[in-house]
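Peer 1: I'd like to ask some things about the structure below.
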Amino acid sequence: MSNEESWVFYYKKQQTIPNIDRMPIHHLSCPQEKKRVIRVSNKNKSREGDREEKENERRVSGFHRNRLDSDQLDLELRVSDTDSEKEDGNEDESSKISQQVYVNACKHLHVAPGKKILRSLSSTQMSAKERIVNTKEVETIAYALTTNNSVTSLDLSGNNIGHKGLLDVLRMLDENTSITYLNISHNKLGSKAVLILRDLISSTKKILTLEAAGNDFNDKDAEQIADGIRQTNTLRSLNLSQNAFQERGGEDIAGALEENMSLKELDLSWNHLRLDGAIAVGAALSTNSTLQALYLAWNGFSNCGCREIGTALQTNSTLELLDLSNNRVGLEGAKWLAKGLMLNSKLRHLMLNMNSLTTLGAKTILLAIRDNPESAIDTLELKEIPVLEEAIGIIDELKSCRKRFVVVHDVTVLSEDFLSCVDCPVKPQKQKAHKKSTKSKKKS
């Protein structure tokens, strides 16, 4: 039975299937009638009726055994007219039904049920991180979650579920009404699954946070992902870090950001965004009016990308966190960012770690924050960037005026570095070298 046919078996043609007692419980019981489902082993049907009466008296509605044995997996379903609310108390009935559906699906697909999966079906978080061996296990989880109303967070990262597993997740989300967080990172989805991911982003009605890092998406895939970003009105946070987006990918995603009206957080770190791609992303911040946090660390924005970001910061009124760590930002890029910081009144957290700002660039950033009375920055990160003692005085001055202001740095130097003196109009080092050369000519 193919993957497509199995979903039809469970959801569309249950009235034509001969062995209907082998189907998931949510198609045999009506949730609206609040009837209680009792699990009875097929092997116990021929035994004495005393045991059946005892079971009814106990009013057990599910997993009354401590372990899963062969008897428990071969099940027939019967419906009792007693009220389940009296029996279950505060326990969610949908959790029990989803547990039963999970065991039935495992039996049908010949998969060993997982104890942690069973337990998590009655909690708010389900984590199958680095635990799934094949796509059939994803299918059993998907079956169970179609009737579950308690799980709000689903972590399937690090499992290599492939495009078939992602398709099962997408079908499950069409019926599930509680999951708001989904992590499918590091599953090597690649180009085969990009269309499914596009549909997942665009059609989701409940998912607020989607983690899709490390899935080998490239520039060609970025076009489909960008279409999903344009269409979504629900998604609030999207993680696309550790992929392979380059110039074209940056341009496609930037175009989607200009039209998107729902995303508040976007992580594009650890990609290859540079040149035209970096310029496009920076320019998109001038148009976008919803993004609050943007992570761009470990790309190649360089000075040209920072020029567009600095220009955008002059008018942007929503961005509160910006991460430009390790982006080959030099002194020129620092000056462009400083121009934006002089007029920006919304940005609160700026990360410039591991860049070649030079001591003068770090000082320029600090002066821009100090000279802007409306600046909202309370955290500035300058790790592995040399800071002059003169700049330490500016930091102390800012701390005296702003109680929450914090600068994270770990390198303090006594004199300016060579790179910060290159752009200076006066070049004393070359003049000294010239004097020495004239003296040597006289001696000769």
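The values are calculated or read from the model by the stated rules, or taken from the named source; none is laboratory data. Here the structure is a predicted model, which means the values were calculated and not measured. Using ideal geometry, Cβ is built from the backbone for each residue, glycine included, and neighbour counts are taken over all protein chains shown. Heads up: the accessible areas ignore ligands, DNA and RNA and are worked out on the full protein's heavy atoms, side chains in. Shrake-Rupley method; radii C 1.70, N 1.55, O 1.52, S 1.80 Å.
Peer 1: Looking only at region 193-216, filter to residues that are at pLDDT below 95 and among the basic types (Lys, Arg); which one of those is surrounded by the fewest Cβ atoms within 10 Å (Cβ to Cβ)?
Peer 2: Checked region 193-216; the qualifying residue surrounded by the fewest Cβ atoms within 10 Å (Cβ to Cβ) is Lys205.
Peer 1: For region 357-366, check the following and say yes or no: at least one residue is β-branched (Val, Ile, Thr), under 27 Å from Gln292 (Cβ atoms) and either at pLDDT 95 or above or open to solvent by less than 80 Å² (accessible area, probe 1.4 Å) (or both). I'd like the intermediate steps shown before the answer.
Peer 2: Going through region 357-366, the residues β-branched (Val, Ile, Thr) turn out to be 358-359, 364-365.
The next check asks that each one be under 27 Å from Gln292 (Cβ atoms); those that pass are 364-365.
With the extra rule that they be either at pLDDT 95 or above or open to solvent by less than 80 Å² (accessible area, probe 1.4 Å) (or both), the set shrinks to 364-365.
Within region 357-366, one or more residues are β-branched (Val, Ile, Thr), under 27 Å from Gln292 (Cβ atoms) and either at pLDDT 95 or above or open to solvent by less than 80 Å² (accessible area, probe 1.4 Å) (or both).
Peer 1: Looking at Ile117, is it modelled with pLDDT under 95, in contact with a Phe, Trp or Tyr (Cβ under 8 Å, 6 or more places away or on another chain) and within 22 Å of Ile207 (Cβ to Cβ)?
Peer 2: Here the answer is yes, as Ile117 does meet what is asked.
Peer 1: Might you let me know whether region 125-148 holds any residue that is at positive phi, modelled with pLDDT of 95 or more and part of a loop (DSSP other than H, G, I, E, B)?
Peer 2: no
Peer 1: In region 166-185, which residues are under 18 Å from the mean Cα position of the chain (by Cα) and part of a helix (DSSP H, G or I)?
Peer 2: Across region 166-185, the qualifying residues are Leu166, Val169, Leu170, Leu173.
Peer 1: Quick check on this structure: which one of Asn160, Asn183 is open to solvent by 10 Å² or more (accessible area, probe 1.4 Å) and either of a type in the set (Phe, Trp, Tyr) or in contact with a Lys or Arg (Cβ under 6 Å, 6 or more places away or on another chain) (or both)? Outline the logic, then answer.
Peer 2: Details: Asn183 fails: either of a type in the set (Phe, Trp, Tyr) or in contact with a Lys or Arg (Cβ under 6 Å, 6 or more places away or on another chain) (or both).
Answer to the check: Asn160.
Peer 1: Which condition number does Ser400 fail, the rest of (1) of a type in the set (Gly, Ala, Ser); (2) over 25 Å from Gly305 (Cβ atoms); (3) surrounded by 18 or more Cβ atoms within 10 Å (Cβ to Cβ) being met?
Peer 2: Failed condition: (3).
Peer 1: If you don't mind, there's one more thing I want to ask. Report yes if Val101 is surrounded by fewer than 18 Cβ atoms within 10 Å (Cβ to Cβ), aliphatic (A, V, I, L, M) and either at pLDDT below 95 or part of a helix (DSSP H, G or I) (or both), otherwise no. Before you say what the answer is, go through the steps one by one.
Peer 2: Details: surrounded by fewer than 18 Cβ atoms within 10 Å (Cβ to Cβ): no; aliphatic (A, V, I, L, M): yes; either at pLDDT below 95 or part of a helix (DSSP H, G or I) (or both): yes.
So Val101 does not fit the description; no.
Peer 1: Out of everything in region 293-322 that is of a type in the set (Val, Ile, Thr) and surrounded by fewer than 22 Cβ atoms within 10 Å (Cβ to Cβ), what residue ends up being farthest from Leu341 (Cα to Cα)? Quick ask: steps written out before the conclusion?
Peer 2: If we filter region 293-322 for residues that are of a type in the set (Val, Ile, Thr), which is where we start, we get 309, 311, 315, 318.
With the extra rule that they be surrounded by fewer than 22 Cβ atoms within 10 Å (Cβ to Cβ), the set shrinks to 311, 315, 318.
On the way: Thr311: 10, Thr315: 10, Thr318: 14 Å.
Applying the filter and picking the extreme gives Thr318.
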